[in-house]
Structures are given as structure tokens and as C-alpha cells.
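The values are calculated or read from the model by the stated rules, or taken from the named source; none is laboratory data. Not measured: the values here are computed from a predicted model. Here the Cβ positions follow ideal geometry from the backbone for every residue, glycine too, while neighbour counts run over all protein chains shown.
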Amino acid sequence: MKKSKLLCLLLALALTLALASCQRGASDDTSGDTANGTGDTSGDTGGSSLPDYTVLSEGLDENGFYQGIRALDFVTLPAFEDVVLPEFPQVYDRAIADGDFVNIDYVGSVDGVEFEGGSTGGAGYDIVVGYTSFIDDFIEQLKGHKPGENFDIEVTFPDPYQSEDLAGKDAVFNITVNYIWDIAEDAARAIGFESLDHMARYVAYNGVGVEQVTSNSEVTVFLSSSQCSDVPQAVTDAVRASMKAQIELDAARYGVDADTYVQYMIGASSLDEYLEVQTPFRVQQDMIFQAVAEQEGLTATDEDITANEYESYVDVYGKPFVLYSLLQNKVMDLISQRLLGE
């Protein structure tokens with residue numbers, strides 16, 4: 001199954017940096033078991049015992065680095081000043097056309113009464129003309145309007161519709177066009193998409209905003225500008241085992257097996273396929289991040305654990321994995337700060 005570089009990175013980062021959310025789940029399980037007087041943190045979901053969380057620490061040393069590995073021996077990092085970030089400017093002086101990424105606000109009403117869920121609340125919402133699917137000809141009626149305009153469009157909800165109260169009803173949406181994103185083909189490619197069309201489909205089909213997709217663009221570009229080769233097999237084995245354990249943990253929480261989980265939640269045909277595709281990206285990411293930490297003298301400490309209120313998770317995940325996760329966050333913050341000049 002073909003995966004985009006960006007999607008691979010996002011999935012890898014999601015697994016790498018998901019400690020807080022995983023911890024909340026583990027904390028909930030643990031508190032429940034403690035209340036029952038069992039003191040058992042393994043939990044049980046759907047009749048299947050959860051895997052051992054501490055496997056995530058295997059292959060890591062007491063500082064959260066890969067055991068016995070100096071990443072700078074395998075990674076060539078670019079100078080921060082040589083990394084060129086793509087631009088995603090906002091346009092205000094032209095009309096909306098096919099293919100545009102447009103940020104709008106809207107308030108929907110039926111018979112003059114606003115209905116629940118029919119407003120952006122002023123938060124703005126990104127649509128891609130020709131890609132995003134809304135009711136009736138909602139998107140088509142945006143064409144020709146410019147940022148700064150406020151106008152009404154009329155639509156008819158389909159019948160049947162998920163909300164029975166709206167099924168078949170005529171509605172009016174008051175629209176405010178905030179701006180048009182000016183996204184060049186090379187900017188989309190720079191953050192890992194195969195093309196601008198691929199980025200448009202990703203934003204439209206997943207219902208995410210441009211800022212969400214580009215929020216870590218500096219990290220993505222830095223990773224793609226780095227070179228990583230001849231990675232020790234021990235690192236690959238540790239990464240694969242950690243990713244496998246994380247998927248199994250998530251699957252068990254939903255009461256399904258790992259293959260079913262990746263099929264429905266990620267889109268891979270099996271856990272093995274997912275690991276085959278994702279492991280190399282995660283390995284390179286981790287090696288590059290550790291190389292940055294080594295070069296910049298970054299470390300994660302007991303003080304960081306305390307400051308982030310992670311003390312209760314050390315026994316669950318193992319201290320090495322907790323420090324590893326904190327270190328990854330520090331590296332991401334440093335890359336962003338250096339490249340954005342903050």
C-alpha cells in the first residue's frame with residue numbers, strides 16, 4: 001500500500017509523541033483497578049490482556065537514547081540556516097476559483113432560526129473548492145466571491161439526512177470569506193505531499209485545516225533535509241517492537257486484534273504491512289532527532305518528568321521511554337524555534 005511521506009511522518013510522530021494520551025488511558029485503567037483493590041495495571045479489554053507497556057522502553061538507555069548508539073555516527077544534519085521553509089501566504093485580493101483552499105465562517109439557519117451544528121462560531125473553516133463535499137451546491141456558490149465579503153447562500157438538505165429535523169429543509173447560510181490560502185506546488189511537496197492535488201485531497205477528505213497540516217512543516221522540512229544511512233539493526237528492531245506494542249495496546253483498548261485495528265483505524269491491510277511501511281520512517285526520524293539532541297546537548301531529566309507531571313507513568317512505561325518522549329518534544333521545539341527564528 002502506497003503511503004505519502006507526510007502521512008508516514010504524521011503517523012510516526014503520533015506514535016512517538018502520544019505518551020500523554022496513552023498515559024491518560026493507562027492512568028484510567030490503573031485507577032480503576034486500584035479502586036477494585038487488585039493493583040493490577042495490565043487491564044483487560046474485550047477478554048484480551050493488554051501487552052506490557054514497559055516494552056516501549058526496551059532498546060533505550062537510562063537517558064532515553066538508543067542503547068549504545070551515537071546517532072551522529074549515522075546522521076548528517078543540515079545547518080539550521082541552510083533549511084528553507086515553504087511559505088503558505090494568505091490572499092485577500094482575488095475571487096475564489098476551482099482548486100482554491102479557502103477559509104470561511106458560516107452561520108446556518110432554517111426559517112430564520114439558527115440550527116445546532118450549523119455554525120463555525122467564528123473559528124474559521126478551511127474548504128478546498130472542487131474537493132470538499134458539502135450539502136447541495138454549497139461550495140459552488142462560493143465561487144466568484146472575494147475575501148472580506150459577507151453574503152448568503154441557499155441550499156436544500158437532502159432527504160433522508162443524518163439530522164431528521166433538517167431532512168429536506170431549505171436553509172440559508174450566511175458566509176464570511178476570510179482569506180484564500182496561496183499554496184504553491186513546491187510548498188506542498190516540501191512538507192511531504194506528492195503534489196498539490198494530493199494535499200487538497202488530504203485536507204478535504206480528512207476535514208483538517210491547512211494550519212493543522214502545516215503546523216509542523218519546519219520539522220518535516222528539517223527531517224527531509226537530513227541524511228540518515230546504515231542504521232544499526234538494533235535500532236530498527238527496537239523501533240519495530242515499540243510500534244508493534246503501541247498498536248497492540250491501542251487495539252486492546254478498543255477490544256479488537258491488531259490487524260483489525262490497523263485496517264479500520266489506519267488503512268493498512270495488516271499490522272505487518274503497517275510496520276513494514278512505517279518502521280523505516282520512524283527509525284530515520286528517531287535517529288535524526290537523537291542526532292540533534294547530541295549535537296545541541298539536549299537531555300531529558302528527572303526535573304522534566306516532574307515539571308510535566310509524568311511521575312506516575314514511569315512505572316507503567318519505564319523511565320527510558322518517558323525520557324525518550326520528553327526528549328523528542330524538546331527536539332521538535334528546538335527545530336521549530338531555530339527555523340522560525342524565535
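Miscellaneous remarks
- Restricting segment 225-240 to residues that are touching a Leu at 6+ places or on another chain (Cβ under 9 Å) and polar (S, T, N, Q), the residue that is farthest from GLU58 (Cα to Cα): SER225
- When ASP93, ASP82, ASP165 are checked against the criterion of being under 30 Å from SER225 (Cβ atoms), touching a residue at least 40 places away in the same chain (Cβ under 8 Å) and surrounded by fewer than 18 Cβ atoms within 10 Å (Cβ to Cβ), ASP82 stands alone in meeting it.
- Residues of segment 50-79 that turn out to be surrounded by 13 or more Cβ atoms within 10 Å (Cβ to Cβ) and part of a loop (DSSP other than H, G, I, E, B), as a count: 14
- Filtering GLY117, GLY108 for residues that are assigned to a strand (DSSP E or B) and closer than 16 Å to GLY207 by Cβ leaves a single hit, GLY117.
- Segment 180-195, residues that are surrounded by fewer than 18 Cβ atoms within 10 Å (Cβ to Cβ) and either among the polar types (S, T, N, Q) or under 21 Å from TYR125 (Cβ atoms) (or both): ASP182, SER195
- Checked against (1) part of a strand (DSSP E or B); (2) closer than 24 Å to ASN206 by Cβ, ILE135 passes all but condition (1).
- Residues in segment 159-208 that are in contact with an Asp or Glu (Cβ under 7 Å, 6 or more places away or on another chain) and assigned to a helix (DSSP H, G or I): 3 in all.
- The one condition in (1) over 21 Å from VAL221 (Cα atoms); (2) more than 24 Å from the chain's Cα centre (by Cα) that GLN295 fails to fulfil: (1)
- Residues satisfying the criterion are absent from segment 269-286 (criterion: assigned to a helix (DSSP H, G or I), without any contact (Cβ under 8 Å) to a residue 12 or more places away in the chain and buried (at least 22 other Cβ atoms within 10 Å of the Cβ)).
- Applying the condition of being of a type outside the set (Gly, Ala, Ser) and over 23 Å from the mean Cα position of the chain (by Cα) to segment 310-341 and asking which residue is surrounded by the most Cβ atoms within 10 Å (Cβ to Cβ) yields PRO320.
- Only one of SER42, SER27, SER31 that is among the hydroxyl-bearing types (Ser, Thr, Tyr), part of a loop (DSSP other than H, G, I, E, B), more than 28 Å from SER224 (Cβ to Cβ) and modelled with pLDDT under 95: SER42
- Residue within segment 105-112 that is buried (at least 17 other Cβ atoms within 10 Å of the Cβ) and either more than 29 Å from ASP165 (Cα to Cα) or basic (Lys, Arg) (or both) present: no
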